[in-house]
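Scroll down for the structure; my scribbles are underneath it.
The values are calculated or read from the model by the stated rules, or taken from the named source; none is laboratory data. Here the structure is a predicted model, which is why all the values come from computation and not from measurement. Positions of Cβ are generated from backbone atoms using ideal geometry, with glycine treated the same way; all protein chains shown enter the neighbour counts.
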Amino acid sequence: MGLMPLAVAPGVAICIFIYLKDKYNREPLGLLLVSFILGMFSIIPAIMLQLLSHTSLESLAGKTIAQVAIFAFLIVGVSEEGRKYIMIRLFAYRRKAFDEPFDGIVYVVMVGMGFATLENIGYVLQHGMGTGILRMFLSVPAHATFAILMGYHLGLAKFDAANRKKYLFLAVFWPVTFHGT
């Protein structure tokens with residue numbers, strides 16, 4: 001198996017799995033594809049923010065646990081999950097097709113898998129098959145989990161005006177928290 005299929009297959013497989021779980025009113029494929037592509041684009045500002053922090057994984061050697069935690073939560077978690085959140089709020093959340101709570105999960109997973117797939121391509125091409133296999137079982141499913149957490153709360157927020165602010169906060173809080181750990 002080549003490196004590109006290894007890098008792309010996990011994200012696409014998760015997208016298909018989640019799409020098939022939407023049993024009542026499936027989302028238009030075009031909107032899902034755009035969401036996936038927006039997820040790929042969302043990696044650019046996330047990486048820029050991480051680079052602007054002047055902190056790389058290599059420079060974390062010898063740092064205190066507190067310094068590593070700040071990087072993991074405030075830089076990586078907020079930059080990556082924050083960009084995904086912005087993409088969803090600006091695109092899919094406003095669409096007429098987002099018409100039931102489960103749609104939050106569907107759209108955010110598409111954005112999350114777009115992000116994870118492009119990130120995965122970079123890591124796999126740089127570090128090879130072993131990294132691809134490891135990320136297939138760890139990193140890509142982790143991004144799917146963060147997306148499900150975000151999507152669940154966005155779905156609740158869209159259809160529960162009384163608790164919208166709370167759910168919008170939780171839509172970012174939980175993915176950032178889990179991403180940082």
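In the range 1-37, what residues are hydrophobic (A, V, I, L, M, F, W, C) and closer than 17 Å to ALA97 by Cα? Steps first, please.
Initial filter on the range 1-37 (hydrophobic (A, V, I, L, M, F, W, C)): 1, 3-4, 6-9, 12-18, 20, 29, 31-34, 36-37.
Answer for the range 1-37, where residues must be hydrophobic (A, V, I, L, M, F, W, C) and closer than 17 Å to ALA97 by Cα: ILE18, LEU20, LEU29, LEU31, LEU32, LEU33, VAL34, PHE36.
Hey, among LEU6, LEU31, LEU74, which residue is of a type in the set (A, V, I, L, M), under 19 Å from the mean Cα position of the chain (by Cα) and at pLDDT 95 or above?
Testing whether each residue is of a type in the set (A, V, I, L, M), under 19 Å from the mean Cα position of the chain (by Cα) and at pLDDT 95 or above leaves just LEU31.
Between ILE121, ILE148, which is under 9 Å from ALA7 (Cα atoms), surrounded by fewer than 21 Cβ atoms within 10 Å (Cβ to Cβ) and β-branched (Val, Ile, Thr)?
Matching residue, one of ILE121, ILE148: ILE121.
Being under 19 Å from HIS179 (Cα atoms), modelled with pLDDT of 95 or more and surrounded by fewer than 22 Cβ atoms within 10 Å (Cβ to Cβ) is true for just one of PRO101, PRO141. Which residue is that?
From the options PRO101, PRO141, the qualifying one is PRO141.
Within the set of pairs 6+ apart or on separate chains, which have a first residue in the range 17-35 that is aromatic (Phe, Trp, Tyr), a second that is part of a helix (DSSP H, G or I), and C-beta atoms under 9 Å apart?
Here the result reads PHE17/VAL109; PHE17/ALA144; TYR19/LEU29; TYR19/LEU32; TYR19/VAL106; TYR19/VAL109; TYR19/MET110; TYR24/PHE102, each pair linking the range 17-35 to a residue that is part of a helix (DSSP H, G or I).
This table checks each residue for (1) part of a loop (DSSP other than H, G, I, E, B); (2) touching a residue at least 12 places away in the same chain (Cβ under 8 Å).
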site	(1), (2)
ALA97	yes, yes
VAL106	no, yes
GLY132	no, yes
MET136	no, yes
PHE146	no, yes
LEU154	no, yes
ALA162	no, no
LYS166	no, no
